[in-house]
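Trainee: The following block contains the structure, expressed as C-alpha cells.
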Amino acid sequence: MKISDAWSLFLADKRMENYSPHTLKGYEFHYKNMISALGDLPLQEVRYQHLMEYLLFKSAHLKPASLSDRIAFARSLFRWAQENEYIKTNPSARLKSPKQGTRIPRALSRDDIDRLRKACQTPLEHALLEFLYSSGCRIGEVAPVRRHDINWENRSVVVRGKGDKEREVYFTRECKSFLLSYLESRSDAEPYLFITENKNGNAAGGVPKPKPLSPSQMRYALKKLAVRANIKERVYPHRFRHSYACNLLDNGAPLDVIQSLMGHAKLDTTRIYAELRGERRRELYEEFFE
C-alpha cells in the first residue's frame, strides 16, 4: 500500500466520522505537501527520517503553528494506519510539536467598533457588522444561517460550530433591528440570511440571482468598511469574535459562561482571554494603583 492509497482510505474514514470540510481541506493540503516532499512511497517504508524531510519541505517561512499542523496531520495519518494494521510501527510517534508562545487575541476597541458603525452605508453592512459583533460567531458559522433559523422572540439562532456541534447564540436588540431592516430591504426569496447584493444587471440585461454571501465575500465587505472608517489595523471577521469575548470578560462574565457562548471545547482556549490585553491592564492599573 502506497501513501496515496492510505490517504484515500483515511479520507473516507474521516468523512464517515463527520470531520468538518475545513479540517479535511487542511488535511488534503498537507497530504499534497507530503507527496511533493517524499513521492508516493510504500507506506511500510516510511521512516522517521522521511517525515523529517516532509516537515522541512518549503519550511523556511513556516510559523510554529503551521509546522504544528503538518505534524498533527502526519501523526493522524500514521496512527490511523497503525490502528488499522496497515503498518506495524508508527514512524510519526517521535515527532514533537514546536513550542508556541501564547498570543493574546487582538480585539477591536469600542472606538473602532463605533467608527465602523458610522461608516456603514447599506442595510447589509449594518446587519453583518452587528451580527458578527454581538453573536461572537465564527464566519463559517454565519454563512449557512437561513432566515427561518432565527428565533426573533429570543433574539437567538442555533449555529453549527467546529466538530459539527450545535450551539445557541444570541444577539442584541440593536442587532435585531438592523437584521429586520436589512431583510425588509430585500425583495428576493433566497432563504439565506446574508446574500450577495446585485446592483447591476448582467450582459443580457437581466438581474443575476442573489447567492448566499460566502466567507470570503464577508471578509472583503469588512475590509472595505475598515478602509472607509479609516482604521489602520486589520479588520477581519475573527477579530469581532475576539472583541465579543473581551467585552464579556470586561463586564465580569465567568470563563465557563464565555466558553459556552463561544463554543470552545476546552476551557484552556477560553482562558487565553483572561490574559487581558495591554489597554485593559493599563486601565485597571490606573484604577487600582494610581
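Trainee: For the chain, what does the helix formula give at 222 nm: sum of -39500 (n - 2.57) over DSSP H segments with n ≥ 4, over the residue count, nearest 500 deg cm²/dmol?
Mentor: Value at 222 nm, helices only, nearest 500: -16000 deg cm²/dmol.
Trainee: Further question on the same structure: 7 Å from Cα along Cα→Cβ at both Ser97 and Glu153: what's the point-to-point distance in nm?
Mentor: Label at Ser97, label at Glu153, 4.4 nm between them.
Trainee: Let me ask you something else. Need one word for segment 80-168: rounded, prolate or oblate. Basis is the Cα gyration tensor (sqrt eigenvalues a ≥ b ≥ c); a/c below 1.5 gives rounded, then a/b vs b/c decides.
Mentor: The shape class here is oblate.
Trainee: Continuing with this model, one more query. Remind me, relative contact order of segment 105-205 in percent, using alpha carbon pairs under 8 angstrom and six or more residues apart?
Mentor: 28
Trainee: Non-local amide H neighbours of Leu41 (under 5 Å, H modeled in plane, Pro and chain starts lacking H): which ones?
Mentor: It is Ile3, by chain and number.
Trainee: PRE reach from Ser109 (point 7 Å along Cα→Cβ): which of segment 231-258 fall under 16 Å by backbone N?
Mentor: Once the point is set 7 Å along Cα→Cβ of Ser109, 231-235, 243, 247 turn out to lie under 16 Å by backbone N, inside segment 231-258.
Trainee: Here is a further query. Go through segment 23-122 and name the trypsin sites (Lys or Arg not before Pro) that are in a DSSP coil and have 16 or fewer other Cβ atoms within 10 Å of their Cβ.
Mentor: Arg47, Lys58, Lys88, Arg94, Lys96, Lys99, Arg103, Arg106
Trainee: Could I ask something else about it? Count neighbours as other Cβ atoms within 10 Å of each site's Cβ, and list the GluC sites (Glu not before Pro) in segment 1-70 that are DSSP loop with at most 12 such neighbours.
Mentor: Here the sparse-neighbourhood loop sites are Glu17.
Trainee: Using DSSP to define loop residues, name the GluC sites (Glu not before Pro) in segment 114-156 whose beta-carbon has at most 11 other beta-carbon atoms within 10 Å.
Mentor: In loop regions of segment 114-156 (DSSP not H, G, I, E or B), the sparsely surrounded GluC sites (Glu not before Pro) are Glu153.
Trainee: First measure r as the distance between the Cβ atoms of Lys211 and Arg47, then evaluate 1/(1 + (r/R0)^6) with R0 = 45 Å and state the FRET efficiency to the nearest 0.05.
Mentor: After rounding to 0.05, the efficiency reads 0.40.
Trainee: Please report the relative contact order for the chain, taking Cα pairs under 8 Å with a sequence separation of at least 6, and give it as a percent rounded to a whole number.
Mentor: Details: 299 pairs, mean separation 51.4, N = 290.
18 percent.
Trainee: If you don't mind, there's one more thing I want to ask. If you project the alpha carbons of segment 3-83 onto their three principal axes, what span does each projection cover, largest first, in Å?
Mentor: 35, 28, 19
Trainee: Let me know the longest stretch in the chain that avoids all chymotrypsin sites (Phe, Trp or Tyr not before Pro) found in a DSSP loop with at most 13 other C-beta atoms within 10 Å.
Mentor: 1-151
Only the coordinates and a few stated rules stand behind these numbers; no lab work does. None of the values given here were measured: they were computed from a predicted structure. Quick reminder, even Gly has a Cβ in these numbers, built from the backbone with ideal geometry, and neighbours come from all protein chains shown.
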